[in-house]
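> Mind looking over this structure? Questions follow.
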Amino acid sequence: MLPAAIAERLKFRRGSLAERHSAVTVLFADIVGFTPMAERVSPSELFVLLDEIFTSFDALVIDRDVEKIKTIGDNYMVAAGVPDGRVDHASVVADLALAMQAAIGDIAARRGLELSIRIGFHSGPAVAGVIGQNKFAYDLWGDTVNTASRMESAGAAGRIQITNETRLLLDDRFVVEPRGEIAVKGKGTRATFWLVGAAAT
């Protein structure tokens, strides 16, 4: 339920716990086509599908040692660089995003469904921690989180959108294409990029 390091700290202290991290990458992913599907199938069928999708994502997250933050409906949030810093936070999230995209494609094909995923991520500073006393959870706050969310919501089905800040942190293992300047709610106009895939070796 909590990162192991955070759970250990909470054993010996009461109250909120917050830490500032100077370099993290936050990813949001949304299943495209899920809302209209919810109108056509039973809640139990919907639950089984969502569980299959998120379980596959969870395995990818664990393999890469990044932090699943939470799910909200059919939206999935991940962060790298918390609670412990890592220099490859942007690259590991890029690799995760491509793997998530492949996983949703496999599930859609196996089930004969029209499903795709819209992913966005951004890198920068954030505050991470636990607040409250009842049903508390590890979470992140700050402009980096907001911008990552906008990258997802302003993206496109089947595409992975990233900011220039993140693009500059990626190495040559990844293929990135400019999308151009777009209007981002609450952020004005900014240049964004598509993460296309892994570079040929």
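> Given Cβ point charges of +1 (Lys, Arg) and -1 (Asp, Glu) and nothing else, what value in debye, to the nearest 20, does the dipole of the chain about its Cα centre take?
The dipole of the chain has a size of about 580 debye.
> Treating segment 32-112 as a set of equal point scatterers at the Cα positions, no solvent, please give the Debye-formula log₁₀ I(q)/I(0) at q = 0.11 Å⁻¹.
-0.33
> Give the residue list of GluC sites (Glu not before Pro) in segment 27-90 that are DSSP loop and have at most 15 other beta-carbon atoms within 10 angstrom.
GLU39
> Taking the Cα centre of segment 33-129 as the origin and placing charges on Cβ (Lys, Arg +1; Asp, Glu -1), which of SER56, GLN101, PHE34 is farthest toward the positive end of the dipole?
About the Cα centre, the residue reaching furthest to the positive side is PHE34.
> Out of all Cα-Cα pairs in segment 71-201, roughly what percent, to the nearest whole number, are more than 26 Å apart?
Summing the P(r) tail past 26 Å for segment 71-201 gives 25 percent.
> Quick one: order SER116, SER91, SER44 from most to least accessible surface, probe 1.4 Å. Kindly include the intermediate steps, with their values, before the conclusion.
Numbers: SER116 30, SER91 10, SER44 75 Å².
Output order, biggest surface exposure first: SER44, SER116, SER91.
> Could I ask something else about it? If each DSSP helix of 4+ residues adds -39,500 (n - 2.57) and the sum is divided by the residues in the chain, what number results at 222 nm, nearest 500 deg cm²/dmol? If you can, show how the numbers build up before the last one.
Details: 6 runs with 73 residues, N = 201.
Taking each H run of at least 4 residues, the total per residue is -11500 deg cm²/dmol.
> Using only the heavy atoms of the protein chains and a 1.4 Å probe, how would GLU19, GLU152 rank by accessible area, largest first?
My answer, sorted largest first, is GLU19, GLU152.
The values are calculated or read from the model by the stated rules, or taken from the named source; none is laboratory data. Nothing here was measured: the structure is a model prediction, and the numbers come from that model. FYI the Cβ positions are ideal-geometry reconstructions off the backbone, even for glycines, and counts take in every protein chain you see. Note: areas computed on protein heavy atoms with side chains; ligands, DNA, RNA excluded. Shrake-Rupley method; radii C 1.70, N 1.55, O 1.52, S 1.80 Å.
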